[in-house]
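Input: a single structure, listed below in structure tokens.
The values are calculated or read from the model by the stated rules, or taken from the named source; none is laboratory data. Note that the coordinates shown come from a computational prediction; the quantities given were computed from them, not determined experimentally. So basically every Cβ, Gly included, is an ideal-geometry build from the backbone, and we count neighbours across all protein chains shown. Remember, those area values only see protein heavy atoms, side chains included, never the ligands or the DNA or RNA. Shrake-Rupley method; radii C 1.70, N 1.55, O 1.52, S 1.80 Å.
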Amino acid sequence: EEHPSKAIITMSDLLFQEQKLLGYYRKGILLDTGPLLLLLVGKYDHNYIQHYSKLKGQSQETFQNLENFAKKFNKIIITPHVLAELSDMANDMPQRRCRDFLKECVQQLERFNEVTIEKDLIIKQAQFPEFGVTDTGIAIACEQQYREFLPVVQDAGLRQHLEDKGIDYVNFWSVILS
């Protein structure tokens, strides 16, 4: 995991970004694993955020910022690969807490939309060895369904890839630190 950049953002930059966001409010956001994990753990037990090793550096405040941001959108979209990573990360919780967390997640996850990318398409991408399954799947989803949703991503390599392709995205760090 990386730390947020120290870029200076002007008021005109913020207004431009807000204008771009307005167009996506009806369409939805696609969450990468880190943002999804923070959102679901925070909804499950916001006091646990600071004690859970997979959310190191996160807090109730960063959860609240992400939740407030996500509420602006009509739908949340995930990929099966993001869901698999979420499940794997949950296994780092004590067994009873993991079971309770996953049971609690079902209601949230049932409301989310899903974008599926086939395995063969993922493994044939040039970025697969560098990005792995989940981020490559997100990149493909964004390219195939250009401007149909706004990805919220954490990884610098994926952000750069989306930027190089001219695909709008939101830096997870800018959301939680706002």
Rg/Rh for segment 80-166 to two decimals, with Rh computed the Kirkwood way over all alpha-carbon pairs. 1.02
Given all pairs of different Cα atoms, what value in angstroms does the Kirkwood hydrodynamic radius of segment 88-137 take? 13.2 Å
Among GLN60, GLN127, GLN17, determine the one that fluctuates most according to a GNM of the chain built with springs between C-alpha atoms less than 10 Å apart. GLN17
Any chance you could look up the accessible area of VAL115 with a 1.4 Å probe, heavy atoms only, rounded to 10 Å²? 10 Å²
Are any of the pairs LYS27/LYS54; LYS27/LYS56; LYS75/LYS165; LYS20/LYS71; LYS43/LYS103; LYS43/LYS119 more than 20 Å apart by Cα-Cα distance, and if so, which? LYS27/LYS54; LYS27/LYS56; LYS75/LYS165; LYS43/LYS119
Where only protein heavy atoms count, and the probe is 1.4 Å, what is the accessible area per residue for the chain in Å²? 56 Å²
Say we join alpha carbon atoms closer than 10 Å with springs in a Gaussian network model of the chain; which of ALA90, ALA141, ALA126 then has the biggest fluctuation? ALA126
What longest region of the chain stays clear of GluC sites (Glu not before Pro) that DSSP places outside H, G, I, E and B and that have at most 13 other Cβ atoms within 10 Å? 3-117
Over the chain - Rg/Rh using Cα atoms and the Kirkwood inverse-distance radius: 0.95
On the accessible surface of the chain, probed at 1.4 Å, how many percent belong to carbon and sulfur atoms? 49 percent
Can you give the longest stretch of the chain with no exposed loop site, where a site means trypsin sites (Lys or Arg not before Pro) in a DSSP loop (not H, G, I, E or B) with at most 16 other C-beta atoms within 10 Å? 76-123
Using a 1.4 Å probe, how large is the accessible area of HIS161, given in Å² and rounded to the nearest 10? 30 Å²
Name the most mobile residue of PRO80, PRO129, PRO151, meaning the one with the largest mean-square fluctuation, in a Gaussian network model of the chain with Cα contacts below 10 Å. PRO129
Dipole axis of segment 24-115 (+1 Lys, Arg; -1 Asp, Glu on Cβ), positive-most option in GLN64, ALA84, GLY34: GLN64
